């Protein structure tokens with residue numbers, strides 16, 4: 001996509017602090033970091049989000065994440081690391097090019113979880129599981 005900022009980074013038409021690159025993926029520093037060392041991993045090919053990325057590309061990005069995570073943790077002296085992905089506006093996606101966030105974390109860094117963990121209604125959980133199983137069967141090949 002011509003106007004996608006991440007595609008422009010891949011084409012070297014927009015600046016980025018690139019930390020990793022191979023034939024399918026690129027990783028660079030987030031310009032609006034949640035914490036120091038916040039890194040993004042993208043496929044070089046444009047996919048809007050998880051709803052249209054192919055499994056092979058998604059798997060490759062996760063392999064890159066597994067490779068980069070310990071390097072980021074060590075380089076930044078972090079206590080931990082979040083791997084996040086957002087899909088569509090309702091889920092906070094702001095750049096519509098599939099990407100993973102690798103966010104170094106420290107105790108007391110002030111970031112909060114996006115939800116509060118609390119017990120769910122077992123009947124509602126069972127119903128949701130059945131709905132997902134039914135929908136999944138439509139996608140099996």
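The values are calculated or read from the model by the stated rules, or taken from the named source; none is laboratory data. Note that the structure is predicted; figures quoted are calculated from it, not measured. Positions of Cβ are generated from backbone atoms using ideal geometry, with glycine treated the same way; all protein chains shown enter the neighbour counts.
Observations on the model:
- Residue count, the stretch 34-85 (criterion: in contact (Cβ under 8 Å) with a residue 60 or more places away in the chain, within 14 Å of the chain's Cα centre (by Cα) and either at positive phi or part of a loop (DSSP other than H, G, I, E, B) (or both)): 2
- Selected residue [loosely packed, with under 11 Cβ neighbours inside 10 Å, modelled with pLDDT of 95 or more and under 18 Å from residue 22 (Cα atoms)] from 45, 56: 56
- Any chance residue 117 is closer than 18 Å to residue 31 by Cβ and part of a loop (DSSP other than H, G, I, E, B): no
- Hits in the stretch 5-33 - residues which are touching a residue at least 40 places away in the same chain (Cβ under 8 Å) and either part of a helix (DSSP H, G or I) or crowded, with 17+ Cβ neighbours inside 10 Å (or both): 5, 6, 7, 19, 27, 30
- Those residues of the stretch 86-113 which are under 16 Å from residue 53 (Cα atoms) and not in a strand (DSSP E or B), in sequence order: 86, 87, 88, 93, 95, 96, 97, 98, 99
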